[in-house]
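Worksheet: the structure to be examined is printed underneath.
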Amino acid sequence: MLTASLRPAVNPGPLACALGLSLLCVYLAGTVAGWRQAALFVVGALLGIALYHASFGFTSAWRRFIVNGEGRGLRAQMVLLAIAVSLFFPVLAAGEIFGRPVGGFVFPVGVSVAFGAFIFGIGMQLGGGCASGTLFTVGGGSTRMVITLAFFVLGSVLGTAHLGWWLSLPNIGAYSLVVNWGLGPAWFANIALFAAIFLLTFVVERWRRAPAITPVEGHFLQGPWPVLWGAVALAILNFATLVLAGRPWGITSGFALWGAKGLDAVGIDVASWPYWRNQTAAIEGSLFFDTTSVMNIAIILGAMIAAALAGKFAPTLKLSRVDILTAVIGGLMLGYGARLAFGCNIGALFSGIASGSLHGWLWLVCGFMGNLLGTRLRPLVGLSKV
């Protein structure tokens, strides 16, 4: 049961810092780019709190399922997707909400997505997190994940340099289930697949004799939250993003922009690359105009707020060579793979499937296959098996 009373274990300094920076960013986003960007910062901060308190990550959940058959995390993800398609599909079919046009993430289905998702999956297990997991663990004080994030950014911008070639490889184009099948059939087919995966996890758990999981009795402000609370919160907040931004929640395009700004700052003519040719204003302008960047920063600060409330914000610089090396390699694979696949576990899998895009399902299959390999590589490079 969730309660509302505060416990004494709070990190007051980090909490004050995170709250102060968040309020400053809300003010700047509103002043520079308008009230919607300020509202989206708030949504991002709430995403960070939900991600941290529910420990809602794809990486550890998939690894536990692969290693010992424990399927609680996958079931939560299916609940997340079921709520999302139920909220998204009617609005996307209408093409607008509250009189404003909205659109989903529907991208080409082909070799680029398959390979990008596969290497992203390997990078998840080596780097220690997915895109959302990287952000909320950075906010929670993980110094190793700061390294992963830095090379995630570098891999993302390198991916933009080669994306044109990857898109020239075989693909069937963009395919929307909502457009091609209609609202009802698309919704029913997705719900059926979610239910099948949900039930399959129980079968695997019994077959693999997965260890029992102790239910979480959480605290509303200080955590932890039951993972299903996180699933509900993330689905609703992604829908809020759709309403405010006119498109779903994404993460990694912001990383590519950060990398482009960094390379531009050191004299590399990124604007001449085909990917960036029509995005000079984004490279030269304020990050507060970029919705994805605003929400990424907010997620980090939201997670920092949650960690401080939980009394768990305690960064350490004690990193082994294995920690550093796998963070570098994993981060590069995460960033490069995300660009080829039109997104990560959030932009391509979560928001892609919520948008009715077939590429989201291809990402799920190929990303999981990458996690299978990545999980087997972990002990070979000195990382824990689970």
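The values are calculated or read from the model by the stated rules, or taken from the named source; none is laboratory data. Note that the structure is predicted; figures quoted are calculated from it, not measured. Cβ sites come from the backbone with ideal geometry, for glycine too, and all protein chains shown count toward neighbours. SASA here: full protein model, heavy atoms, side chains in, ligands and nucleic acids out. Shrake-Rupley method; radii C 1.70, N 1.55, O 1.52, S 1.80 Å.
So, R0 is 35 Å and r is the distance between the beta-carbons of Ala196 and His162; what FRET efficiency does that work out to, to 0.05? Walk me through the numbers before you get to the answer.
On the way: r = 36 Å, r/R0 = 1.03.
After rounding to 0.05, the efficiency reads 0.45.
Counting residues in region 269-316 as N, plug N into 2.2 N^0.38 Å and put the Cα Rg over that result.
Values: Rg = 16.4 Å, N = 48, 2.2 N^0.38 = 9.6 Å.
Relative to the rule-of-thumb radius for its length, region 269-316 sits at 1.71.
When only alpha carbons are used to place a centre, region 115-130 and region 235-271 end up 19 Å from one another.
Average accessible surface for region 252-292: 51 Å² per residue, computed with a 1.4 Å probe over protein heavy atoms with every protein chain in place.
Beyond 33 Å, what share of the Cα-Cα pairs of the chain remains, rounded to the nearest whole percent? Display every interim value, and only then the final one.
Values: 19165 of 74305 pairs.
That tail contains 26 percent of the Cα-Cα pairs.
Between the amide H of Ala174 and those of Val109, distances stay under 5 Å, these residues lying 5 or more places away or on another chain, with hydrogens modeled in the peptide plane.
Show that you can apply the helix-only estimate: for the chain, add -39,500 (n - 2.57) for every DSSP H stretch of four or more residues, divide by all residues, and state [θ] at 222 nm to the nearest 500. Present the calculation step by step, with values, prior to reporting the outcome.
Working: 16 runs with 259 residues, N = 386.
Computed mean residue ellipticity for the chain: -22500 deg cm²/dmol.
Compute the relative contact order of the chain as a whole-number percentage, counting only Cα pairs closer than 8 Å that sit 6 or more residues apart in sequence. Don't skip to the end; give the middle numbers.
Working: 771 pairs, mean separation 153.7, N = 386.
Relative CO of the chain lands at 40 percent.
Computed from Cα atoms alone, the Kirkwood hydrodynamic radius reported for region 231-274 is 12.5 Å.
By the gyration tensor of its Cα atoms, with a ≥ b ≥ c the square roots of the eigenvalues, what is the shape of region 43-96: rounded for a/c under 1.5, prolate for a/b over b/c, or oblate? Oblate is the answer for region 43-96, as a/c is 1.5 or above yet b/c matches or exceeds a/b.
Pop out the Kirkwood hydrodynamic radius of region 110-223 from its pairwise C-alpha distances, inverse of mean 1/r, in Å to one decimal.
Working: mean 1/r = 0.0544 Å⁻¹.
Mean inverse Cα-Cα distance, inverted, gives 18.4 Å.
Remark: accessible surface ordering of Lys318, Lys261, Lys385 (largest first) is Lys318, Lys385, Lys261, probe radius 1.4 Å.
Leaving out ligands and nucleic acids, and using a 1.4 Å probe, what accessible area per residue does region 1-105 come to in Å²? Show your work: numbers first, answer last.
Numbers: 4450 Å² over 105 residues.
Per residue, region 1-105 has 42 Å² of solvent-accessible surface.
The alpha carbons of region 1-92 stretch over 47, 44, 25 Å along the principal axes, in descending order. The gain in end-to-end length when the Val179 to Arg206 segment is fully stretched comes to 5.8 nm, 0.36 nm per residue minus the alpha carbon separation. Across region 224-358 the C-alpha pair distances fall into 10 Å bins from zero in the proportions 10, 30, 38, 19, 3 percent.
Using a ≥ b ≥ c from the Cα gyration tensor of region 141-198 (square roots of the eigenvalues), is it rounded, prolate or oblate, where a/c under 1.5 gives rounded and otherwise the larger of a/b and b/c decides, a/b for prolate? Since a/c reaches 1.5 but b/c is at least a/b, the shape of region 141-198 is classed as oblate. For region 118-239, the per residue solvent-accessible surface stands at 47 Å², with DNA, RNA and ligands left out and a 1.4 Å probe. Across region 79-94, coupling constants 3J(HN,Hα) worked out from phi with the 6.51/-1.76/1.60 Karplus curve, θ = phi - 60°, read 4, 3, 5, 5, 5, 5, 5, 5, 7, 6, 4, x, 5, 5, 5, 6 Hz, and Gly and Pro carry x.
Here the accessible area is traced with a 1.4 Å probe on the protein chains. For the chain, carbon and sulfur cover 71 percent of it.
When a/c reaches 1.5 or more, the comparison of a/b and b/c decides; with that in mind, is region 159-249 rounded, prolate or oblate per its Cα gyration tensor? Taking the square roots of the gyration eigenvalues as a ≥ b ≥ c, region 159-249 is prolate. All Cα-Cα separations within region 47-186 were binned at 10 Å from zero, giving a P(r) of 10, 28, 35, 25, 2, each value a whole percent of the pairs.
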